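Please read through the structure below; I'll follow up with questions.
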Amino acid sequence: MSTEKKSVRVEGRDLTLSNLGKNLYPEFTKGEVIDYYVRIAPVLLPHLKDRPATRIRWPDGVHGGKFFEKNAPSYTPDWIRTARVPTPGSSTGREHLDFVVVDDLPTLVWCANLAALELHVPQWKAGPRGGLRSPDLMVFDLDPGEPATIVDACEVARLLRDLLAADGLDSYPKTSGKKGLHLYVPIKESDRTSEYAKEAARRLEADHPDLVVSKMEKRLRKGKVLVDWSQNNPAKTTVAPYSLRAADSPSVSAPVTWTELEGCDDAAHLRFGPDEVLSRVDEHGDLLAPLLEKHDQSL
């Protein structure tokens, strides 16, 4: 493993990259992680824009320890944008934290160099002069409980899509990059997302009690798919589209089509690595572009 440092200039910013040959995944190095993030940046960055990022870092790789980093560390370059976010009740004892906002390629490369494999963001944006705006996204996390799999989550996603459509809402899926799916609804800014999402999950459970559960208790999840509405809580985050996930091999939280979900009969068909996702973007563009553009839907 090379420990030498490399100086690079990214869009006018000077960065020092280190340990590029270090394996952050078995057979996938930090240099390859940075390369992926640089190549996926044109479609990733718009989904991170203005959203304070929680970075999950694995400095010793996916088989080493991880830590969640919300506050910008003391060595954060002064050109990196931060947003002060209220964090009442935080385990740090602080009422506010200064989150990094990954608005540009130099900031993304800086995060990747710190082994921030996963980038998680809320469903709301920071205001241009500080403060928090109301959510402009609503998200459902479809989490299968064994022996259910992502194939079962696909069925629930289709049922939830139809329920939302009956309320006049279009929805857009992506894989979680692990065993589940995320379903997004772009909306006019609203403070009703948690309320609406909880009620929608309960309605779906009432209609399909053998397949769907809306309560969080793990004992209720066996063989069913949890429709987790809680990530709409303003204090919570969801892994960003196109973010890497930590696993034995690099996987990506990847946008998918409804056609793919409708035809899925094998969990392996919805697992995508970095190269596959880059190829998919070349073929389809950003399947989640409506999340950036379609904010005329009301709850």
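Quick test of your reading of the structure: LEU244 fulfils all but one of (1) touching a Leu at 6+ places or on another chain (Cβ under 6 Å); (2) under 13 Å from ALA157 (Cα atoms); (3) in contact (Cβ under 8 Å) with a residue 60 or more places away in the chain. Name the failing condition by number.
The one condition LEU244 does not meet is (2).
Only residues in the stretch 39-66 that are in contact (Cβ under 8 Å) with a residue 60 or more places away in the chain count as the first member; pair them with residues that are surrounded by fewer than 20 Cβ atoms within 10 Å (Cβ to Cβ) and basic (Lys, Arg), Cβ under 6 angstrom, at least 6 apart or cross-chain, and list the lot.
Correct list of pairs: THR54/LYS70; ILE56/LYS66; TRP58/LYS66.
Can you tell which of THR107, THR76 is within 20 Å of LYS6 (Cα to Cα), over 19 Å from the mean Cα position of the chain (by Cα) and among the β-branched types (Val, Ile, Thr)?
Working: THR107 fails: over 19 Å from the mean Cα position of the chain (by Cα).
On inspection, the qualifying residue turns out to be THR76.
Then there's this: Being under 28 Å from LYS66 (Cβ atoms) and either in the same structural domain as PRO86 (by TED's automatic domain parsing) or of a type in the set (Lys, Arg) (or both), is that true of even one residue in the stretch 194-209?
The answer is no, given that none of the residues of the stretch 194-209 is under 28 Å from LYS66 (Cβ atoms) and either in the same structural domain as PRO86 (by TED's automatic domain parsing) or of a type in the set (Lys, Arg) (or both).
If you take the residues in the stretch 218-233 that are more than 20 Å from GLU199 (Cβ to Cβ) and assigned to a helix (DSSP H, G or I), which one is modelled with the highest pLDDT?
The selected residue is ARG219.
Please specify each residue of the stretch 136-166 satisfying the condition of being under 15 Å from ASP210 (Cβ atoms) and among the charged types (D, E, K, R).
Those that are under 15 Å from ASP210 (Cβ atoms) and among the charged types (D, E, K, R): ASP152, GLU155.
Would you pick out the residues in the stretch 16-30 that are surrounded by 18 or more Cβ atoms within 10 Å (Cβ to Cβ), without any contact (Cβ under 8 Å) to a residue 24 or more places away in the chain and not hydroxyl-bearing (Ser, Thr, Tyr)?
Once the filter is applied, which keeps residues that are surrounded by 18 or more Cβ atoms within 10 Å (Cβ to Cβ), without any contact (Cβ under 8 Å) to a residue 24 or more places away in the chain and not hydroxyl-bearing (Ser, Thr, Tyr), the stretch 16-30 yields ASN19, LEU20.
Quick one: THR92 ticks every box in (1) farther than 25 Å from SER176 by Cβ; (2) among the polar types (S, T, N, Q); (3) modelled with pLDDT of 95 or more bar one, so which box is it?
Failing condition for THR92: (3).
Conditions (1) in a helix (DSSP H, G or I); (2) surrounded by fewer than 21 Cβ atoms within 10 Å (Cβ to Cβ), marked per residue:
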site	(1), (2)
LYS178	no, yes
TYR184	no, no
SER194	yes, yes
ALA201	yes, no
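Ok, one more. If I ask for residues that are in contact with a Gly (Cβ under 9 Å, 6 or more places away or on another chain) and either of a type in the set (D, E, K, R) or not in a loop (DSSP other than H, G, I, E, B) (or both), which ones from the stretch 136-153 would you list? Walk me through how you get there before you give the answer.
Step one: filter the stretch 136-153 for residues in contact with a Gly (Cβ under 9 Å, 6 or more places away or on another chain), giving 141-148, 150, 152-153.
Residues satisfying the conditions are ASP141, LEU142, ASP143, PRO144, GLY145, GLU146, ILE150, ASP152, ALA153.
Which of the residues spanning the stretch 143-199 are among the hydrophobic types (A, V, I, L, M, F, W, C) and under 16 Å from GLN297 (Cα atoms)?
Once the filter is applied, which keeps residues that are among the hydrophobic types (A, V, I, L, M, F, W, C) and under 16 Å from GLN297 (Cα atoms), the stretch 143-199 yields LEU163, LEU164, ALA165, ALA166, LEU169, LEU183, VAL185, ILE187, ALA197.
Identify all residues within the stretch 210-220 that are closer than 28 Å to GLY65 by Cα and touching an Asp or Glu at 6+ places or on another chain (Cβ under 8 Å); write none if there are none.
If the condition is that a residue be closer than 28 Å to GLY65 by Cα and touching an Asp or Glu at 6+ places or on another chain (Cβ under 8 Å), then MET216 is the only one that fits.
Give me a count of the residues in the stretch 203-219 that are under 26 Å from PRO135 (Cβ atoms) and over 24 Å from the mean Cα position of the chain (by Cα).
Of the residues in that region, 4 qualify.
Please work out which residue is farthest from ALA41 (Cα to Cα), limiting yourself to the stretch 279-299 and to residues that are surrounded by fewer than 18 Cβ atoms within 10 Å (Cβ to Cβ) and not charged (D, E, K, R).
SER298
Hey, any hits in the stretch 4-15 for a residue that's part of a loop (DSSP other than H, G, I, E, B) and crowded, with 16+ Cβ neighbours inside 10 Å? Steps first, please.
Here is the first cut: in the stretch 4-15, the ones part of a loop (DSSP other than H, G, I, E, B) are 4, 11-12.
Narrowing further to those that are crowded, with 16+ Cβ neighbours inside 10 Å: none.
Checking the stretch 4-15: not a single residue is part of a loop (DSSP other than H, G, I, E, B) and crowded, with 16+ Cβ neighbours inside 10 Å.
Next question. Identify all residues within the stretch 121-135 that are assigned to a strand (DSSP E or B) and over 19 Å from ARG245 (Cβ atoms); write none if there are none. It would help to see each step written out before you state the result.
Step one: of the stretch 121-135, the residues assigned to a strand (DSSP E or B) are 121, 126, 128, 130, 132.
Result: ALA126, PRO128, GLY130, LEU132.
I would also like to ask the following. Check LEU142, LEU132 and return the single one that is touching a residue at least 24 places away in the same chain (Cβ under 8 Å) and assigned by TED's automatic domain parsing to the domain that holds THR259.
Details: LEU132 fails: assigned by TED's automatic domain parsing to the domain that holds THR259.
LEU142 is the lone residue from the list that is touching a residue at least 24 places away in the same chain (Cβ under 8 Å) and assigned by TED's automatic domain parsing to the domain that holds THR259.
The values are calculated or read from the model by the stated rules, or taken from the named source; none is laboratory data. Worth saying up front: this structure is predicted, and the values here are computed from it rather than measured. With ideal geometry, Cβ positions are generated from the backbone for all residues, glycine too; neighbour counts draw on all protein chains shown.
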